[in-house]
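Worksheet for the structure shown next.
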């Protein structure tokens, strides 16, 4: 489990499609001053651009770690498009005493989405996305949470008919995540709020399979109310 609060931006040292195990491995390096791996152990979960992966090799000097990437992960995420010197968001799995500043992020990508446009709004940036899987949009609601490349963000606009949604990055966030470095045509990994999935399943079971059209508006209202209560008006 993760929070969607990026701890560090790492750099891809190598994406090896034919490693010693016969699979694909990804090696990430960190700044020499980084403490991300200070208490890390082999087998720990680390989110790379929103994908939960297992550390199979760790080096402290310089701070470097390696993960294995399964074929299914390569099919469902944009990790396969990474190249040497690509920048990636990193977050370690939460501990019991971690403050939940973002939202519950599993590290299980639902879809990739293409950046349709990037628009300047004062010192903020508005990003518009078109998800590859249109089913993803049913869980994305105005003022709800979404994880993009592992970054917990608030949805600022959704157009189901046109199949896009938007988020805004304030100046502070632009300095902390890789999304700010991306442009129209690039892709991001999308993970919707898992609470929306549970709510939908519960409501569908309660109303019946024939009442699916009733679920989405009810689900949207429930999620919006939950987010408003949790955020206390923060956006």
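Values quoted throughout were computed directly from the atomic coordinates according to the rules given, and no laboratory measurement underlies them. Keep in mind it's a predicted model, so treat the numbers as computed, not measured. For neighbour counting, all protein chains shown are included, and Cβ atoms are generated from backbone atoms with ideal geometry for every residue, glycine included.
For residue 175 and residue 124, a Förster radius of 22 Å and the Cβ-Cβ distance give a FRET efficiency of 0.95, rounded to the nearest 0.05. Rg/Rh for the stretch 8-92 stands at 0.92; both radii use Cα atoms, and Rh follows the Kirkwood definition. With 0.36 nm allotted per residue and the present C-alpha distance subtracted, the residue 33-residue 21 stretch has 1.2 nm of extension available. Report note on the peptides 29-41, 76-88: ranked by the mean count of other C-beta atoms within 10 Å, highest first, their order is 76-88, 29-41. Between residue 72 and residue 161, the modelled labels are 3.8 nm apart [label points 7 Å from Cα along Cα→Cβ]. Does the stretch 90-182 come out rounded, prolate or oblate by the C-alpha gyration tensor, with a ≥ b ≥ c the root eigenvalues, rounded set by a/c under 1.5 and, if not, prolate when a/b is larger than b/c and oblate if not? Oblate, because a/c is 1.5 or more while a/b does not exceed b/c.
Rounded to 0.05, the FRET efficiency of the residue 95 and residue 186 pair, given R0 = 35 Å and the Cβ-Cβ distance, is 0.60. Computed from Cα atoms alone, the Kirkwood hydrodynamic radius reported for the stretch 136-186 is 11.8 Å. Label separation (residue 87 vs residue 45): 2.7 nm, computed from points 7 Å beyond Cα along the C-beta direction.
Here, the stretch 1-158 has an Rg and a Dmax of 16.1, 49 Å when only alpha carbons are counted.
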